[in-house]
Amino acid sequence: MEDDYRQWGTKEGGGFNEPTLTYKQNPAMETYLALRRAHPDAEIEISASRGLDALFRMEPELQKHGFDPADIAAILDADPEAISKGRFTMHGKANRRQRTRRQG
């Protein structure tokens, strides 16, 4: 295994590892597959949402369902308090939904 690449797409000391940098220069499926073949054990950071801008574009929909986009951003940043708050919120919503279904 390539231990140098087992840091979730980053290198020690900061910055992205080489496979991730190569992918970010040309984010295409062909690039990813070539990198995966060359480095089967590497962690390659692939951004699916194009950053936090997408999160804030979803703000009205998130708020409609009772979520604060700032809390979601903090969850994505691995903030323990935000994770706990999000878990509590989702458990509460799931419990309310179950009670509503039982009541018909």
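Things worth noting here:
- The lone exception for A73 - which of (1) surrounded by fewer than 14 Cβ atoms within 10 Å (Cβ to Cβ); (2) closer than 30 Å to T22 by Cβ it fails: (1)
- Every condition in (1) among the hydrophobic types (A, V, I, L, M, F, W, C); (2) out of contact with any Asp or Glu (no Cβ under 8 Å at 6 or more places or on another chain); (3) at pLDDT below 90 is met by A94 except one, and the failing one is (3).
- Screening the candidates R101, R87 for the property of being part of a helix (DSSP H, G or I), surrounded by fewer than 10 Cβ atoms within 10 Å (Cβ to Cβ), modelled with pLDDT of 90 or more and not acidic (D, E) yields one hit, R101.
- Just one of the listed residues (A48, A78, A28, A38) is modelled with pLDDT under 80 and loosely packed, with under 14 Cβ neighbours inside 10 Å, and it is A48.
- The range 1-25, subset out of contact with any Leu (no Cβ under 8 Å at 6 or more places or on another chain) and at pLDDT 85 or above, residue most open to solvent (accessible area, probe 1.4 Å): Q25
The values are calculated or read from the model by the stated rules, or taken from the named source; none is laboratory data. Because the structure is a prediction, the values reported are computed rather than measured. Counting neighbours? That spans all protein chains shown, and the Cβs are built from the backbone with ideal geometry, glycine included. Side chains included, ligands, DNA and RNA excluded: accessible areas come from the protein's heavy atoms. Shrake-Rupley method; radii C 1.70, N 1.55, O 1.52, S 1.80 Å.
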